[in-house]
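Derivation of every value follows stated rules applied to the coordinates shown; laboratory data play no part. In this text, all values refer to a predicted model and were calculated from it rather than measured experimentally. In this analysis, Cβ positions are derived from the backbone assuming ideal geometry, glycine residues included, and neighbour counts consider all displayed protein chains.
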Amino acid sequence: QVQLVESGGGSVQSGGSLRLSCAASGITASRLHMGWFRQAPGKEREGVAGIDNDGQTTYADSVKGRFTASRDNAKNTLYLQMNSLKPEDTAMYYCAATLWRAHLPLRVTPYNYWGQGTQVTVSS
């Protein structure tokens, strides 16, 4: 059974940084195509970053130049480094995974495994 667990969320002031982690179990992480998503109250879940099993990355325009996705297959872990955080980045952040290569990695539909989420709050 595949399980994804996020950690590293918290509260920071505008301009600060956080690093999120997503630990995978029940499957070898190197087989997975993975992504980061976020959802604010009253908003739809949106794609933030995708990272394929070969390390190829895709970013939403809103986070390009500020967020960096990476993976450590030896540790079965996915990371999201978030710099220059803004209040509009406030949301619940989720990691997701699929065994199938995602043609559109920032869409929700390709992913069939999801973590429980970790809260990120950015104040002015």
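General remarks:
- Segment residue 52-residue 123, extension gain: residue separation times 0.36 nm, minus the distance between their alpha carbons: 22.4 nm
- Overall form of the stretch 75-124 per C-alpha gyration tensor (a/c, 1.5; a/b vs b/c): prolate
- Between residue 7 and residue 64, the C-beta separation translates, for a Förster distance of 30 Å, into a calculated FRET efficiency of about 0.80.
- Choice from 28, 58, 98 showing the highest fluctuation, given a GNM over the chain with Cα pairs closer than 10 Å: 28
- Note on the chain: along the principal axes its Cα atoms extend 40, 26, 26 Å, ordered by decreasing extent.
- Aspartates and glutamates with Cα under 18 Å of residue 43, excluding same-chain neighbours fewer than 8 positions away: 61, 88, 89
- Summing Cβ point charges (Lys, Arg +1; Asp, Glu -1) relative to the Cα centre of the chain gives a dipole of roughly 60 debye.
- Label point 7 Å beyond Cα of residue 84 along Cβ direction - residues of the stretch 12-54 with amide nitrogen under 18 Å: 13-19, 48-49
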